[in-house]
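First up is the structure itself, then whatever we jot down about it.
Throughout, read-outs are computed from the coordinates displayed, never taken from laboratory work. Please read all numbers here as calculations on a predicted model, not as lab measurements. We place every Cβ from the backbone using ideal geometry, glycine too, and count neighbours over all the protein chains shown.
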There are 2 protein chains.
Amino acid sequence: MSQPLRLGIAGLGTVGAGVVQILRKQAALLETRTGRPIVISAISARSRTKDRGVNLTSYAWEDDPIALAQRDDVDVFVELMGGEDGPAKAATEAALELGKDVVTANKAMLAMHGQALAVTAEARNCVIKYEAAVAGGIPVVKALGEGLAGNEVTRVMGVMNGSCNYILTRMEDAGLPYADVFAEADGLGYLEADPQLDVGGIDAAHKLAILSSLAFGTQVNFAGIELEGIERVSIEDITAAADMGYKIKLLGVAQMTGRGLEQRMQPCLVPETSPLGQLQGGTNMILLEGDAVGQIVLRGAGAGAGPTASAVLSDICDIARGYRGSVFGQPANTLTAATPALSQRPAAYYLRMSLKDKPGALAKVAAVLGEAGVSIDRMRQYGHIDDCAPVLIVTHKTTRADIDHALAAFDNTSVVAGDPVALRIEEV
Amino acid sequence: MSQPLRLGIAGLGTVGAGVVQILRKQAALLETRTGRPIVISAISARSRTKDRGVNLTSYAWEDDPIALAQRDDVDVFVELMGGEDGPAKAATEAALELGKDVVTANKAMLAMHGQALAVTAEARNCVIKYEAAVAGGIPVVKALGEGLAGNEVTRVMGVMNGSCNYILTRMEDAGLPYADVFAEADGLGYLEADPQLDVGGIDAAHKLAILSSLAFGTQVNFAGIELEGIERVSIEDITAAADMGYKIKLLGVAQMTGRGLEQRMQPCLVPETSPLGQLQGGTNMILLEGDAVGQIVLRGAGAGAGPTASAVLSDICDIARGYRGSVFGQPANTLTAATPALSQRPAAYYLRMSLKDKPGALAKVAAVLGEAGVSIDRMRQYGHIDDCAPVLIVTHKTTRADIDHALAAFDNTSVVAGDPVALRIEEV
């Protein structure tokens, strides 16, 4: 094991530069820990001349990441370019074809092509490692795939996009509407080049799809995720939820049910006193539940050069130590194609609506809910503003279908102004 | 890799029985995940006839755990007997001598003999794995030794004994003195057979010693820990600390300093709004800090059959998958013998004292602190009870030595009744 492990690193953005920095700074420590030198053979990025604050002169340069992946002096292809298709995928495939291991931070690529890539890798006895693809520096892939290997995993849940959590907590703290805080976050550089990846919940859903596969032995299925972003979360809902003892989070939940695999990424209410409820700003938090271990909570920075590079290094050290193993915790050809199950699992719901100032208005709302089979746990009506009264309702456990029936029926009552809001309350 | 991995399990208490149960129930899943069958060859425990709620008839029985460890049909010796010396250590050594791997939950044995056992193991290319020895089901050994392998670890900190945290939070919730809650916890079976292991902080310090070694590449050094249990934590301090916005926790802290390795296990104050401050009941929480990753928080059940068995299974699966590697994250012969450094690192302190009803009493206290170089951040004096007034002080950052000077000087003022209490306030 004293042969050096030779890396080819493609992509030198903040994460890539961070990885190079750690490999240079901690070379001796990493060799001591893993038992062999870890060296960079070659690098590749869009611009050869850009100053990245780290000395790159001793590494061979390739303009083409595919050529980098194919170099004879590269044992491990480190893919930090991003993008679900294009050069990242082509270069990853090129590396695997030649029997080289891959370390990647690319959640989009794995969420869309994880199964095919895993099959390719395992046919050639290669590994693909991707700790950095989920929740930045939090070693959740390792915790789930290895730490909980003795468990039947019952649920995976969490806040997996720091930008969304920043926006939601900032809205509450500053009392500002979504649009203002979105603009502020964008100006601060907190959002992806395509902000829809963040606020549309897509980035977080990519991560959830990967964790689901690891947790339940299923093929990655991004398309099976019930997905809703945070664009429609209003400051009114944040304030009203707080009034009822809840916080609104963009929450990912994956759970195997009798009808199939339920995967949801959507704004939910969680108790303000729960660990998830107390999560402020750009931090990530993942809850893992297993039949033996109970609930494990992991919390840390979900993004940033240092945390993400830390996760990439974890994978590189694993490979240097000879820790191999299946891409998704068990051989890719044993992963099942689970049927997506929509969230028919009953839950309590939060409803907010604006009631017109008519006699019997509240009674009509209550009657509609009763007819839809939705039972009320708590209700609050506030004073009228411009002839309308805000009403908040927390229901007992009910199905989404019953809630949808009630929402449709409100339209015909002529006492509800505008569209009522319904958000799931997640048990945590 | 399709050869079965054959286990010999010594110790069939709640954890041992839990491990057997999982191995039986999840045999197919474990084989799929690790690529090979995991089977029990033989077992050993004190009583052969005791009903443990699990069918043991298909396993060979050994009265002597050493004989079990030496059996030809045992690849991995699973040590779940406990005890720092005696049969656990003898059988572990016997297994290693014959080149067998060891999985153990025995924090006391590792804290006292970890270095010698690691040297023995690595000389024979064996592994010793011990996820269950620290914080039950929380995969903290894996997170620290593998997940943070690319980091220079800067601090490890946490609540590592659920029984102590139960007692402290129960004292606060019920407003009961230590002795009452201790008796209650003992009656509920929450404490070790020798409760001093829990409330004296010894069990938690064992865990801290193990984490320190993994974190800082140092030889396990239990004797170098500054150790104080929770026996002297009073309900008065818990109430007073809460009044100032803090919780009292039995907190373990390990940190490499310029003067050596600081390891402390002692009651400390932490902000009530911090994750550690909000930790209720028997749960464990570990904070890991690295130069790249920042702070990672791990939380979960620190004890119990299921969580501990989950951790044991994680180690067994690692071995089945061929994940080997050094016992303490780097070869035992590279671990340094760090000088223990007492906690001279400055911190804010909480002081509580009882002031006699004399003119100028508070001025004298303030003067003593000033002369000792201790600067006051916040002070509260409450109304007199029986001619004495409780005084709470939160200092600015100062050294333990200066605090001790001040405490000694209070004796000569004749205005302080009884012994003042001084507790460190930890930055989290």
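The figures follow:
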| read-out | value |
| --- | --- |
| By average C-beta atoms within 10 angstrom, highest first, the peptides A:258-264, A:370-376, A:116-122 | A:116-122, A:258-264, A:370-376 |
| Innermost chain A residue relative to the axis carrying A onto B, by Cβ distance in angstrom | A:Y323, 2 |
| Choice from A:T413, A:T104, A:T239 showing the highest fluctuation, given a GNM over chain A with Cα pairs closer than 10 Å | A:T413 |
| Unit Cα scatterers, Debye sum, chain A: log10 I(q)/I(0) for q = 0.06, 0.12, 0.14 Å⁻¹ | -0.29, -0.96, -1.21 |
| Kirkwood Rh and Cα Rg combined as Rg over Rh, evaluated for segment A:282-372 | 1.22 |
| Segment B:140-301: relative contact order in percent, alpha carbon pairs under 8 Å with at least 6 residues between | 34 |
| Mean separation of Cα contacts under 8 Å, 6 or more apart, over the residue count of chain B: relative contact order % | 16 |
| Computed label-point distance, nm, for sites A:D411 and B:T154 using a 7 Å Cα→Cβ extension | 5.6 |
| Residue-averaged beta-carbon neighbours from other chains (10 angstrom radius) around B:140-147 | 6 |
| Alpha carbon convex hull of segment A:17-93, projected area averaged over orientations, nm² | 5.6 |
| Average projected area [Cα convex hull, segment B:1-152], square nanometres | 9.6 |
| Largest to smallest principal axis extent of the C-alpha atoms in segment B:247-333, angstrom | 43, 38, 23 |
| Shielding score for B:19-30, defined as the mean number of other chain Cβ atoms within 10 Å | 2 |
| Environment charge of B:V156, counting only residues whose C-beta is closer than 13 Å and scoring Lys/Arg +1, Asp/Glu -1 | -1 |
| Least to most buried among B:D318, B:D237, A:D64 (fewest other Cβ within 10 Å first) | A:D64, B:D237, B:D318 |
| Theoretical FRET efficiency, 1/(1+(r/R0)^6), r = Cβ-Cβ of B:E192 and B:T239, R0 30 Å, to 0.05 | 0.60 |
| Between segment B:371-413 and segment A:219-253, the Cα center-to-center distance that results, in Å | 49 |
| 7 Å along Cα→Cβ, label-point gaps from B:A242 to other copies, nm, shortest first | 2.5 |
| Label spacing, shortest first and in nm, from B:D180 to its equivalents in the remaining copies (7 angstrom along Cα→Cβ) | 4.9 |
| Under 15 Å from B:K100, Cα to Cα: aspartates and glutamates that are on another chain or at least 8 residues apart | B:D72, B:D73, B:D75, B:E79, B:E122, B:D315, B:D318 |
| Cα-Cα over 32 Å, subset of B:K89/B:K247; A:K129/B:K247; A:K50/A:K89 | B:K89/B:K247; A:K129/B:K247 |
| Partners for A:K356 among lysines (Cα-Cα distance below 23 Å; same-chain residues under 8 apart left out) | A:K364 |
| Fewest-first sequence of A:Y59, A:Y130, A:Y350 by Cβ atoms within 10 Å of each Cβ | A:Y59, A:Y350, A:Y130 |
| Alpha-carbon Debye profile of segment A:147-300, log10 I(q)/I(0) at 0.11 Å⁻¹ | -0.42 |
| Convex hull volume of the protein assembly as shown per residue (C-alpha atoms, cubic angstrom) | 186 |
| Euclidean distance between Cα centres, segment B:300-342 to segment B:129-208, Å | 17 |
